[in-house]
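Reviewing the structure listed below.
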Amino acid sequence: MSVKRMSRIAILAALCIALRLVFASFPNVKPVTAFFFVSLLYLDFWDAFLVMALTMLGSSLLFGFSLVVVWQIISFGILMLVWRYLVLPLTKEFSHGIWLQSILAGLVTLTYGFWISIPIAFQFGANLYLYWINGLFFDVLHALSTSLFYPIIYLLLRRFVYHEKNSFRF
């Protein structure tokens, strides 16, 4: 792995950790899920996965480390696989793909609560469906914030990747 590639991964992970810290007071309103999805547009899957894993590990040093961090990495990994290999190939053909991607980002993020509930419910011996339904309100907040942050982060990262100036076309 080249130094440039490692630096890019580390800087993006540090940015995501800072974003998680800034939005820590708002429950499940975090731009990092949108950041992970947008990074899959510009990075290969494993680089984006490393950004996500380092973000979860690094932010757990600030928010507290437990086995839940492993479940977060696995759950976000599932979302990123779905995003990269199902959603992106289907939406790149549309002329207004960013808006469709934004809506689909929220829908895919809505499933995050279910994916992370599976190992946590098993770990604590809770009923999976009751555990998931109890957190559904926070899953909806997470999905809405991802849909709202997706176009913003897309515009910001697109400018760095393609070196665009004064271009706000979708």
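Residues checked against (1) more than 23 Å from L141 (Cα to Cα); (2) at pLDDT below 90; (3) not polar (S, T, N, Q):
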| site | (1), (2), (3) |
| --- | --- |
| K30 | no, yes, yes |
| A34 | no, no, yes |
| L41 | yes, yes, yes |
| L54 | yes, no, yes |
| S60 | no, no, no |
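Restricting region 118-135 to residues that are surrounded by 13 or more Cβ atoms within 10 Å (Cβ to Cβ) and of a type in the set (A, V, I, L, M, F, W, C) leaves a set whose member that is farthest from A34 (Cα to Cα) is A126.
Given the structure, is M56 under 16 Å from the mean Cα position of the chain (by Cα) and among the hydrophobic types (A, V, I, L, M, F, W, C)? Spelling it out, M56 is indeed under 16 Å from the mean Cα position of the chain (by Cα) and among the hydrophobic types (A, V, I, L, M, F, W, C).
The residues in region 90-117 that are assigned to a helix (DSSP H, G or I) and open to solvent by less than 70 Å² (accessible area, probe 1.4 Å) can be counted, and the count is 17. In region 1-11, of all residues being exposed (fewer than 14 other Cβ atoms within 10 Å of the Cβ) and under 19 Å from L157 (Cα atoms), the one that is farthest from the chain's Cα centre (by Cα) corresponds to K4.
Evaluation of Q72 against the conditions (1) open to solvent by 20 Å² or more (accessible area, probe 1.4 Å); (2) among the polar types (S, T, N, Q); (3) over 12 Å from the mean Cα position of the chain (by Cα) shows that the sole unmet condition is (3).
Scanning region 12-35 for residues that are of a type in the set (S, T, N, Q) and either under 13 Å from F63 (Cα atoms) or surrounded by 22 or more Cβ atoms within 10 Å (Cβ to Cβ) (or both) gives S25, T33.
Taking every residue in region 114-143 that is in contact (Cβ under 8 Å) with a residue 24 or more places away in the chain and pairing it with any residue that is among the acidic types (D, E) and open to solvent by 20 Å² or more (accessible area, probe 1.4 Å), at least 6 positions away or on another chain, yields no pair with a Cβ-Cβ distance below 8 Å. Does V140 qualify as being over 23 Å from L57 (Cβ atoms), part of a helix (DSSP H, G or I) and either hydrophobic (A, V, I, L, M, F, W, C) or within 12 Å of the chain's Cα centre (by Cα) (or both)? Answer is yes for this residue. When the test is whether a residue is in contact with a Lys or Arg (Cβ under 9 Å, 6 or more places away or on another chain), modelled with pLDDT under 95 and not acidic (D, E), R20 passes it.
The values are calculated or read from the model by the stated rules, or taken from the named source; none is laboratory data. Being a predicted model, the structure only gives us computed values, none of them experimental. Cβ sites come from the backbone with ideal geometry, for glycine too, and all protein chains shown count toward neighbours. With ligands, DNA and RNA removed, areas are computed over all heavy atoms of the protein, side chains included. Shrake-Rupley method; radii C 1.70, N 1.55, O 1.52, S 1.80 Å.
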